[in-house]
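Visitor: Pasting a structure here, questions to come.
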Amino acid sequence: MRIPLLSMFATSPFDGLLEHAEKVKECVLTFQQAMECHFSKECEAFEDLREKVSQLESEADGIKQNIRRSLPKGSMVCVEKFQLFRYLKEQDTVPDRIEDALDWIFFKPEPGIPEELKKDFLLLIDANIDSVNEMCRMVLEAKKYFETFNETQRNVVKEIIREIRCKEHEADEVEARLKHKIFEIDLDPVSVFHLIRLAEIIGSIPDHTEDAADVMRVMIAK
């Protein structure tokens, strides 16, 4: 009979991963608020929200360092530490990309997002939120799996991984449509470049949730 190795630890490494994932989720929701503020001519809180994202990203980094310090050389964990750290790297890149997107807007806040592009940008942001929500759920269910090694629970994690891949594909389609529209409207070359790059940065977020899911798939493999 297989013995759950997590029982040998005072603290599961997945406790930290889940805490980190929740911080990433908080970051992406604040990002949504910042983007909605940027779209609005009346909102003046963009810079405050950008600073809040920066703070959340810093807090996520602190959790990441705590996870690494809790697994010193020679310690035993339920998965290979190399894979665990690979997973953490991908999950931690999400708030980095969110911060990059808001910094990119800060460099050129005017003239803002053209009205005909706002809906598509919001759809892309919604795709990010969906992807991060699924990632958080994946970590929670993976934690349960490594506590029991129950095959049914393993299948739950695999199904979430498939859902994350679907979300990433949907986000790619939204990003492609958005880029096409950017080239269709009458904009100066600098604005075109700025908006295309912004779409690419935002669109990279689901890529990292999918990469995290791919690493998780390896970790739960028999």
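Visitor: From the list H208, H194, which one is of a type outside the set (V, I, T) and farther than 20 Å from Q83 by Cα?
Guide: None of the other options fit; the residue is H194.
Visitor: Which condition number does L71 fail, the rest of (1) under 19 Å from S204 (Cα atoms); (2) assigned to a loop (DSSP other than H, G, I, E, B) being met?
Guide: L71 satisfies all of (1) under 19 Å from S204 (Cα atoms); (2) assigned to a loop (DSSP other than H, G, I, E, B) except (1).
Visitor: If you don't mind, there's one more thing I want to ask. Restricting attention to the range 144-159, report how many residues are surrounded by fewer than 21 Cβ atoms within 10 Å (Cβ to Cβ) and either assigned to a helix (DSSP H, G or I) or aliphatic (A, V, I, L, M) (or both).
Guide: Looking only at that region, the number is 11.
Visitor: Shifting gears a bit: Considering the range 169-196 alone, what residues qualify as being over 25 Å from M138 (Cα atoms), charged (D, E, K, R) and either surrounded by 15 or more Cβ atoms within 10 Å (Cβ to Cβ) or without any contact (Cβ under 8 Å) to a residue 40 or more places away in the chain (or both)?
Guide: K179, K181, E184, D186, D188, listed by residue number.
Visitor: When you check R197 against the structure, is it over 30 Å from H20 (Cβ atoms), among the charged types (D, E, K, R) and part of a helix (DSSP H, G or I), yes or no? Break it down stepwise before answering.
Guide: Working: over 30 Å from H20 (Cβ atoms): no; among the charged types (D, E, K, R): yes; part of a helix (DSSP H, G or I): yes.
Here the answer is no, as R197 does not meet what is asked.
Visitor: So, one more: List pairs: first in the range 39-58 and of a type in the set (D, E, K, R), second loosely packed, with under 13 Cβ neighbours inside 10 Å, Cβ under 8 Å, 6+ apart or cross-chain?
Guide: Close Cβ pairs satisfying both conditions: E47/F106; R50/F106.
Residues checked against (1) closer than 22 Å to D211 by Cα; (2) part of a helix (DSSP H, G or I); (3) not acidic (D, E):
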site	(1), (2), (3)
L18	yes, yes, yes
E26	yes, yes, no
H38	no, yes, yes
L49	no, yes, yes
S54	no, yes, yes
D61	yes, yes, no
E90	yes, yes, no
V94	yes, yes, yes
I98	yes, yes, yes
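Visitor: Report whether or not A127 is free of Cβ contacts under 8 Å to residues at least 60 places away in the same chain, within 25 Å of Y87 (Cβ to Cβ), surrounded by 21 or more Cβ atoms within 10 Å (Cβ to Cβ) and within 15 Å of the chain's Cα centre (by Cα). Can you show your working first?
Guide: On the way: free of Cβ contacts under 8 Å to residues at least 60 places away in the same chain: no; within 25 Å of Y87 (Cβ to Cβ): yes; surrounded by 21 or more Cβ atoms within 10 Å (Cβ to Cβ): yes; within 15 Å of the chain's Cα centre (by Cα): yes.
It is false that A127 is free of Cβ contacts under 8 Å to residues at least 60 places away in the same chain, within 25 Å of Y87 (Cβ to Cβ), surrounded by 21 or more Cβ atoms within 10 Å (Cβ to Cβ) and within 15 Å of the chain's Cα centre (by Cα).
Visitor: Identify the residue in the range 208-218 that is surrounded by fewer than 18 Cβ atoms within 10 Å (Cβ to Cβ) and not β-branched (V, I, T) and, among all such residues, is farthest from D100 (Cα to Cα).
Guide: By that ranking, first place goes to R217.
Visitor: Also: State yes or no: is L18 at pLDDT 90 or above and surrounded by 13 or more Cβ atoms within 10 Å (Cβ to Cβ)?
Guide: Taking the combined requirement at face value, the residue satisfies it.
The values are calculated or read from the model by the stated rules, or taken from the named source; none is laboratory data. These numbers were taken from a predicted model, which means no experiment stands behind them. So basically every Cβ, Gly included, is an ideal-geometry build from the backbone, and we count neighbours across all protein chains shown.
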